[in-house]
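Student: Please see the structure below; I have some questions.
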Amino acid sequence: MRDEDIGAALLGWYDTHARVLPWRVGPADRARGVRPDPYRVWLSEIMLQQTTVAAVRDYFHRFTARWPNVAALATARDEDVMAEWAGLGYYARARNLLKCARAVVSDHGGRFPETRDGLLTLPGIGPYTAAAIASIAFDEAATVVDGNVERVTARLFAVETPLPGAKAELTALAARLTPRERPGDHAQAMMDLGATICTPRIPTCGICPLRAFCKGQAEGVATDLPRKTPKAAKPTRYGIAYLGRRADGAVLLERRPERGLLGGMLGWPGTDWTGAEPAPAPPAEANWREVPGEVRHTFTHFHLVLRVETALLPVGANPQRGHFVPGTEFRADDLPTVMRKVHDLASLPATGD
DNA sequence: GATCCGTGGGG
DNA sequence: TCCCCAAGGAT
């Protein structure tokens, strides 16, 4: 078996089975020589970091409708971008998205660098994303390694080394497969294969275009690969969120610090989230009342249980923390999911249970 | 290299 | 219910 045979089989499959996605150039346009728009490739790749295609779709449409090119995005207000990103998670991506757009405009004449190394210098663009943009948008034979490629490669070559330690080994194997011709299609084919056939749990090896080449399949271990070192259990933290309203409909919100969890996003003032019973920390003097029930939410590395308290604040109130947002400007969808859950619990009609 | 950083869907 | 995990990057 030659690596070239594997690449040819993969591209043959891709030409007939490629998924239609909003940020891809369709076969008809591609045959006409149309190249993908680097802005759309970049935006989609940032959104797709650790995020499923299904979750990204609507966000991609909203972003490109509102900001059709990198120049438009570069002039957007921070709070508008953060609000548009709300619910998609990993909010550092949105902060770096803006930094990157502004750097492209101010340092690169409004055009994305056309090489992997050039792209790597931009905020929010790491090894994966740089290689993906360089190959898809600019036809550079860069090796693209994401979770799909790691899985496909580990199975194809029956690599038993567990992740994340196997990363360098898998990257070297993926590099062997990367062709000079159509490297972008090759990369997308690897990822499509991993997303639709060579899936984590129950791969459908029976219809895999690479079955004849797959060492993991031959040895009967494909489904068990890649091996992974076990993860630590998630602890549970507890906190109190304070949802203050004024009679005129304004709500008391707080912009979170740029760094850290939910950085740069709006949220309800609250206590720290700790492993023990939280010490009350209301943002203003008021008759705070506990809302029945609780909010449960799981972040990447801990579970959170939140108690919610509400109060009607006087129109002349001068809270120690946060700022009032007029009811006409407030939209719960602009908040990260855990904060939206707090709003939903507090807004629920009392059911008596 | 190890940690931190969201969310929703699937088994 | 619980765990896994998805087109990762920054520190």
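The values are calculated or read from the model by the stated rules, or taken from the named source; none is laboratory data. The model shown is predicted, which means the values in this text are computed figures rather than measured ones. Virtual Cβ from ideal backbone geometry, glycine too; neighbours counted across all protein chains shown. For the accessible areas, the whole protein counts, side chains as well, though only heavy atoms, and no ligand, DNA or RNA atoms are used. Shrake-Rupley method; radii C 1.70, N 1.55, O 1.52, S 1.80 Å.
Student: Rolling a 1.4 Å sphere over the protein heavy atoms, what is the accessible area per residue of segment A:201-353, to the nearest Å²?
Tutor: On a per-residue basis, 59 Å².
Student: Still on this structure: Show me the trypsin sites (Lys or Arg not before Pro) within segment A:53-91 that DSSP assigns to loop and that have at most 12 other Cβ atoms within 10 Å of their Cβ. Don't skip to the answer; put the middle values down first.
Tutor: Working: sites: A:Arg57, A:Arg62, A:Arg66, A:Arg77; in loops: A:Arg77.
Answer by residue number: A:Arg77.
Student: Could I ask something else about it? How long is the gain from A:Asp3 to A:Asp272 if the chain were fully straight, where each residue apart is worth 0.36 nm and the alpha carbon distance is subtracted?
Tutor: Roughly 91.5 nm would be gained on extension.
Student: Through the Karplus equation 6.51 cos²θ - 1.76 cosθ + 1.60, θ set to phi - 60°, convert the phi angles of segment A:155-162 into ³J(HN,Hα) values in whole Hz; use x for Gly and Pro.
Tutor: Result, ordered by residue: 6, 4, 10, 6, 7, 8, 4, x Hz.
Student: Lysines within cross-link reach of A:Lys167: Cα-Cα under 21 Å, excluding same-chain residues under 8 positions apart?
Tutor: Candidates past the 8-residue exclusion: A:Lys215, A:Lys228, A:Lys231.
Student: So how strong a dipole does chain A carry about its Cα centre when Lys and Arg Cβ are +1 and Asp and Glu Cβ are -1, to the nearest 20 debye? Let's see the in-between values first.
Tutor: On the way: 43 positive and 40 negative charges, 36 e Å.
The dipole magnitude comes to about 180 debye.
Student: Please give the length that would be gained between A:His61 and A:Arg321 if that part of the chain were fully extended, namely 0.36 nm times their separation in residues minus their C-alpha to C-alpha distance (nm, one decimal).
Tutor: Length gained between A:His61 and A:Arg321: 90.1 nm.
Student: While we're looking at this one, here's another question. Inverting the mean 1/r over all pairs of different Cα atoms, compute the Kirkwood radius of chain A and quote it in Å.
Tutor: For chain A, the Kirkwood estimate is 23.0 Å.
Student: Related question: Sorted by mean Cβ packing within 10 Å, highest first, what order do the peptides A:327-337, A:147-157, A:210-220 take?
Tutor: Most protected by this proxy first, the peptides run A:147-157, A:210-220, A:327-337.
Student: Would you please give the residues with an amide H less than 5 Å from that of A:Ala250, counting only those at least 5 places away or on a separate chain, with H modeled from the backbone geometry?
Tutor: Amide H neighbours of A:Ala250: A:Gly327.
Student: A further question follows. Which one, A:Phe324, A:Thr171, A:Tyr128, is farthest towards the positive end of the dipole of chain A when Lys and Arg carry +1 and Asp and Glu -1 on their Cβ?
Tutor: Farthest along the dipole direction, towards plus: A:Thr171.
Student: Now a separate question. Apply 1/(1 + (r/R0)^6) to the Cβ-Cβ distance of A:Leu21 and A:Asn69, taking R0 = 22 Å, and write down the FRET efficiency to the nearest 0.05.
Tutor: 0.70
Student: Hey, another quick one. As I understand it, the dipole of chain A uses +1 on the Cβ of Lys and Arg and -1 on the Cβ of Asp and Glu, about the Cα centre. Which of A:Leu313, A:Phe138, A:Gln217 lies farthest toward its positive end?
Tutor: Positive-most Cα among the choices belongs to A:Gln217.
Student: Find how much the distance from A:Asp333 to A:Ala28 grows on full extension, using 0.36 nm per residue of separation minus their present alpha carbon separation; answer in nm with one decimal.
Tutor: 106.1 nm
Student: Short version: ³J(HN,Hα) in whole Hz for each residue of segment A:289-301, in order, from phi by Karplus 6.51 cos²θ - 1.76 cosθ + 1.60 (θ = phi - 60°), x for Gly and Pro, what are they?
Tutor: 10, 6, 7, x, x, 8, 9, 10, 8, 10, 8, 4, 10
Student: Related question: Any idea how far the Cα center of segment A:98-158 sits from the one of segment A:1-76, in Å?
Tutor: Taking the Cα centre of segment A:1-76 as reference, the centre of segment A:98-158 is 13 Å away.
Student: Further question: State the three equivalent ellipsoid semi-axes of segment A:125-200, derived from the C-alpha gyration tensor as the square roots of 5 times its eigenvalues, in descending order and whole Å.
Tutor: So the three semi-axes of segment A:125-200 are 20, 13, 11 Å.
Student: Just read off the accessible area of A:Leu48 with the full protein assembly in place, 1.4 Å probe, to the nearest 10 Å².
Tutor: Answer for A:Leu48: close to 40 Å² accessible.
Student: Order of A:183-194, A:289-300 by packing, highest average Cβ count within 10 Å first?
Tutor: Highest-to-lowest ranking by the protection proxy: A:183-194, A:289-300.
Student: Need one word for segment A:253-353: rounded, prolate or oblate. Basis is the Cα gyration tensor (sqrt eigenvalues a ≥ b ≥ c); a/c below 1.5 gives rounded, then a/b vs b/c decides. Before the final figure, lay out each step's value.
Tutor: Numbers: a/c = 1.32, a/b = 1.11, b/c = 1.19.
Rounded, because the longest to shortest axis ratio a/c is under 1.5.
Student: A follow-up question, please. List, in order, the whole-Hz ³J(HN,Hα) value for each residue of segment A:119-130 obtained from phi through the Karplus relation with A = 6.51, B = -1.76, C = 1.60 and θ = phi - 60°; use x for Gly and Pro.
Tutor: Using θ = phi - 60°, the values come out as 5, 4, 7, 8, x, x, 10, x, x, 5, 5, 4 Hz.
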